[in-house]
Amino acid sequence: MNIQIINGPNLNLLGRREPGIYGSSSFEDYLTELRARYPQHQIDYFQSNSEGALIDKIHEAGFCCDGIVLNAGAYTHTSVALHDALRAVPAPAVEVHISNVHTREEFRHKSLISAACRGVICGFGLDSYRLAIEALTA
Ligand code: DQA
């Protein structure tokens, strides 16, 4: 399968950003492990801090890949436009969060994108991405 991972704002700083919450591994290092674990799948990766670029990537990948793994970062809690983009494409998406957003500030409890996703995985650290791939490829 062809899986597109999309990371939103501030996730380029994984490994350096609040390591007590998000861990000390960079996403690039984790991605190397993930690709080695799933040699049978094509795993593409895109990160942007800009909402429009994330929407453009969903439009592009959403018509040709088999599934999207999306950690929209803080846009999860604010973006009707990302919700609409996910609804506009045929590829199923899994919403992912590294932290358990439900144990954190109340503004993180609400997701505007969950209803446009096949499912949600949160709280398992970087392993949340692997669990999303398992779900998409099952
Ligand atoms: C996050 C949770 C969001 O609330 C936060 O804004 C992030 C990361 C997570 O992976 O736990 O940037 O999506």
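The values are calculated or read from the model by the stated rules, or taken from the named source; none is laboratory data. Since we're looking at a predicted model, the values are computed, not measured. As a convention, Cβ positions derive from the backbone with ideal geometry for all residues, glycine included, and neighbour counts pool all protein chains shown. Surface accessibility is based on the protein's heavy atoms, side chains included, excluding ligands, DNA and RNA. Shrake-Rupley method; radii C 1.70, N 1.55, O 1.52, S 1.80 Å.
Could you say whether any residue in the range 71-78 is within 16 Å of the ligand (Cβ to nearest atom), over 14 Å from residue 116 (Cβ atoms), assigned to a strand (DSSP E or B) and not acidic (Asp, Glu)? Yes - at least one qualifying residue is present in the range 71-78. So, of the residues in the range 1-53 that are touching a strand residue (DSSP E or B) at 6+ places or on another chain (Cβ under 9 Å) and of a type in the set (Phe, Trp, Tyr), which turns out to be nearest to residue 135 (Cα to Cα)? Among those residues, the one meeting the criterion is 38. Of all residues in the range 125-138, those being touching a helix residue (DSSP H, G or I) at 6+ places or on another chain (Cβ under 8 Å), more than 10 Å from the ligand (Cβ to nearest atom) and open to solvent by 20 Å² or more (accessible area, probe 1.4 Å) number 1. Can you name the residue in the range 83-99 that is in a loop (DSSP other than H, G, I, E, B), out of contact with any Leu (no Cβ under 7 Å at 6 or more places or on another chain) and more than 8 Å from the ligand (Cβ to nearest atom) and is also most open to solvent (accessible area, probe 1.4 Å) among such residues? Among them, the one singled out is 90. Looking across the range 100-113, just one residue is under 14 Å from residue 70 (Cα atoms) and open to solvent by 40 Å² or more (accessible area, probe 1.4 Å), and that is 112.
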